[in-house]
1. Taking the mean number of other Cβ atoms within 10 Å as a proxy for protection, how do you rank 160-168, 100-108 from highest to lowest?
2. Starting from the Cα-Cα distance between residue 83 and residue 60, subtract it from 0.36 nm times their residue separation and give me the gain in nm to one decimal.
3. What whole-number value in Å² describes the accessible area per residue of the chain for a 1.4 Å probe?
4. Given charges of +1 on the Cβ of Lys and Arg and -1 on the Cβ of Asp and Glu, with all other atoms neutral, how large is the dipole of the range 91-181 about its Cα centre, in debye to the nearest 20?
5. Can I get the semi-axes of the range 106-183's equivalent ellipsoid? Compute them from the C-alpha gyration tensor as square roots of 5 times the eigenvalues, in angstrom, largest first.
6. Please identify, among 143, 42, 111, the residue showing maximal mean-square fluctuation in a Gaussian network model of the chain using a 10 angstrom Cα cutoff.
7. What percentage of the solvent-accessible surface of the range 118-181, computed with a 1.4 Å probe over protein heavy atoms, is contributed by carbon and sulfur atoms?
8. For the range 47-183, with the dipole built from +1 on Lys and Arg beta-carbon atoms and -1 on Asp and Glu ones, taken about the Cα centre, which of 90, 66, 122 lies farthest toward the positive end?
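The values are calculated or read from the model by the stated rules, or taken from the named source; none is laboratory data. The model shown is predicted, which means the values in this text are computed figures rather than measured ones. With ideal geometry, Cβ positions are generated from the backbone for all residues, glycine too; neighbour counts draw on all protein chains shown. The accessibility values were calculated without ligands, DNA or RNA, using every heavy atom of the protein model including side chains. Shrake-Rupley method; radii C 1.70, N 1.55, O 1.52, S 1.80 Å.
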Amino acid sequence: MKRILCGCLSLALAATLTVPMALARDFEDVQGHWAQSAIEQVTDWELFAGNEKGEFMPDETMTRGMFVTVMERTAKLLEVYQEPTGTAAFTDVPADTWYTQAVIWANENNVVNGVGGDKFAPDDPVTREQMCVIMARFLENCVGMDLTTYKESEMTFLDQSEISDFAVESVKVCVALGLITAA
């Protein structure tokens, strides 16, 4: 189960997302791309999709709204999804967007807390450290993994002094689980 989960999350990091669903082989812009096989896998699993123009846009920057949508879909795939019961706790998350329910789900399950000031910043690029925090919280709060030993792992990033204090343990977890690499 851990191997499947880590593989699923690793593939989620290897590609990018927009909306609605399609298969990777339907996207002309992924043919021959370095991440084509990963994109094909995550689209087959329905974790990632393309935009309304039928493009996958594999080299575009992933936003925070996109990433929590992938995490919500991962929860459904792993059958650990719990339907959200409330409304968006963030003033910058409208009630009717493609990412609204994912943000509500992630907030209710303590996967995200926002960026401060009652904001989520759904259109901001998601950073590496934010991805790690979100994935570690997902593993702990949704999957029920004990990450204690992983939080004490070593990591060697050239820019590790720039990793925010709040994210250091989560980055260590993601490195130890092979979700990101320090190379």
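1. Values: 160-168: 11.9, 100-108: 21.9.
For the peptides 160-168, 100-108, the packing ranking is 100-108, 160-168.
2. Numbers: separation 23, 0.36 × 23 = 8.28 nm, distance 2.96 nm.
Net length gain for the segment: 5.3 nm.
3. Details: 9370 Å² over 183 residues.
Ligands and nucleic acids excluded, the result is 51 Å² per residue.
4. Working: 5 positive and 15 negative charges, 40 e Å.
With Lys and Arg at +1 and Asp and Glu at -1, about 200 debye.
5. On the way: eigenvalues 86, 55, 18 Å².
In descending order the semi-axes read 21, 17, 10 Å.
6. 143
7. Numbers: 1510 of 3380 Å².
Carbon and sulfur: 45 percent of the exposed surface of the range 118-181.
8. Of the listed residues, the answer is 66.
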